[in-house]
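Q: Submitted below is the structure of interest, expressed as structure tokens.
The values are calculated or read from the model by the stated rules, or taken from the named source; none is laboratory data. Source: prediction; values computed, not measured. With ideal geometry, Cβ positions are generated from the backbone for all residues, glycine too; neighbour counts draw on all protein chains shown.
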Amino acid sequence: MKASAEWLAASGAPFGAIGGRCGYAHLKHYSAEYREWGEGPPLVLVPGLAGGFELLGALARALADGFRVISYQLRGEDDCFALRRRFGLADLANDLAEFLDWHGLERPAVFGVSFGGAIALELAVRRPGRIAALAAQGVATRFESNLIQQVAASILSGIPLPADNPFVNQFFNLFFGARQAPGPLFEFVTRQCWRTDQSVMAHRFRLMEQFDLAGRLDRLAVPVLFLAGDRDLLVSARSLQTLAGQLPRCRVVRLVDCGHLACVTHPCRVADEVRRFLQTC
């Protein structure tokens, strides 16, 4: 039976994490749902602050052309009660290391998006020999401590927000980098992000504010690719220049006409940059 265009748009099927192979990795602190696409050298895809790996479906499928892409749900994504046990960015980095161990991946390439990039970088500086190469999109030495991030953290911490409120959802335009016309993509992003519990998003925002690689860059012993949209409000050109100047094995790519959600709006462009980088490592 052929799906209608209306059903595909409503379900987010063109953008979501369709296809692939599903499973659960039983880690020390939680059971992480994961999904795999494609065959080839392993590439672990770490999702961002909200939306889980489902938000990165189009990117994962684009990367699967040449890689065995494995993505997983972060702690708290499927169970907000995980917040009852205090954990920080270092714990999430340990979760990632344990996930790699669970899959028997000795030194895979890792690609983290936004908050997931911070987790991957945290693992790279704490356990330098654990991964072979690292790509990160939407993160640099730190996230910019700007008014938008502070307001978002305050709102998510204190006010129950309706997921179907058009006014609230316009906030996502800031992450698109420009006003996004109403349509299937915008509806998919807002619907998928609101599937992450509000308290979990607030906790991750606080961890983003604490993330800072200053003084630890010398521990990055692997080749690193940093991708950032030129309209990304959370990553400044200055922080990218700092990385390029201090890391000899670092490549920085500025994505033209892209915002923080470049992984969703331009998945093929992002995948091409990651593929080109990993082929030269």
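Q: If GLN210 meets every condition in (1) closer than 29 Å to CYS80 by Cα; (2) buried (at least 17 other Cβ atoms within 10 Å of the Cβ) apart from one, which number is that one?
A: For GLN210, the failing item is (2).
Q: Continuing with this model, one more query. With the condition kept exactly as written, say whether any residue in the range 158-171 is among the polar types (S, T, N, Q), exposed (fewer than 15 other Cβ atoms within 10 Å of the Cβ) and either assigned to a strand (DSSP E or B) or at pLDDT below 75 (or both).
A: yes
Q: Do you know which of the residues in the range 248-269 that are of a type in the set (A, V, I, L, M, F, W, C) and in contact with a strand residue (DSSP E or B) (Cβ under 6 Å, 6 or more places away or on another chain) is nearest to SER71 (Cα to Cα)?
A: CYS263
Q: On the given criteria, is GLN246 touching a Gly at 6+ places or on another chain (Cβ under 7 Å) and more than 18 Å from GLY117 (Cα to Cα)?
A: Against the criterion (touching a Gly at 6+ places or on another chain (Cβ under 7 Å) and more than 18 Å from GLY117 (Cα to Cα)), GLN246 does not qualify.
Q: I've got another one for you. Does the range 193-209 contain at least one residue that is closer than 16 Å to LEU55 by Cα, hydroxyl-bearing (Ser, Thr, Tyr) and either part of a helix (DSSP H, G or I) or touching a Leu at 6+ places or on another chain (Cβ under 7 Å) (or both)?
A: no
Q: Can you confirm whether the range 55-66 contains a residue that is at pLDDT 95 or above, touching a Gly at 6+ places or on another chain (Cβ under 9 Å) and farther than 25 Å from PHE277 by Cβ?
A: Within the range 55-66 (the criterion being at pLDDT 95 or above, touching a Gly at 6+ places or on another chain (Cβ under 9 Å) and farther than 25 Å from PHE277 by Cβ), the answer is no, since none of the residues qualifies.
Q: Among residues belonging to the range 204-248 that are more than 23 Å from ALA90 (Cα to Cα) and either hydroxyl-bearing (Ser, Thr, Tyr) or at pLDDT 90 or above (or both), point out the one that is nearest to the chain's Cα centre (by Cα).
A: Ranking the qualifying residues of the range 204-248, first place goes to ALA228.
Q: I need the full set of residues from the range 175-222 which are closer than 20 Å to GLY76 by Cβ, of a type in the set (Lys, Arg) and touching a helix residue (DSSP H, G or I) at 6+ places or on another chain (Cβ under 6 Å), in order please.
A: ARG204
Q: Can you name the number of the only condition in (1) surrounded by 18 or more Cβ atoms within 10 Å (Cβ to Cβ); (2) more than 14 Å from the chain's Cα centre (by Cα); (3) of a type outside the set (D, E, K, R) that CYS268 fails?
A: If we test CYS268 against (1) surrounded by 18 or more Cβ atoms within 10 Å (Cβ to Cβ); (2) more than 14 Å from the chain's Cα centre (by Cα); (3) of a type outside the set (D, E, K, R), just (1) comes out false.
Q: Can you tell me which condition SER236 does not meet? The list is (1) surrounded by 13 or more Cβ atoms within 10 Å (Cβ to Cβ); (2) in contact with a Leu (Cβ under 9 Å, 6 or more places away or on another chain), and all the others hold.
A: (2) is the only condition that SER236 fails.
Q: Then there is this: Tally the residues that are assigned to a loop (DSSP other than H, G, I, E, B) and either out of contact with any Asp or Glu (no Cβ under 6 Å at 6 or more places or on another chain) or among the β-branched types (Val, Ile, Thr) (or both), restricting the search to the range 54-95.
A: 13
Q: Then there's this: Name the residues in the range 78-97 that are touching a strand residue (DSSP E or B) at 6+ places or on another chain (Cβ under 8 Å), modelled with pLDDT of 95 or more and not aliphatic (A, V, I, L, M), would you?
A: Passing the criteria: only ASP95.
Q: Condition first: more than 18 Å from the chain's Cα centre (by Cα) and assigned to a helix (DSSP H, G or I). Can you find one or more residues in the range 251-265 that meet it?
A: No, the range 251-265 has no match at all.
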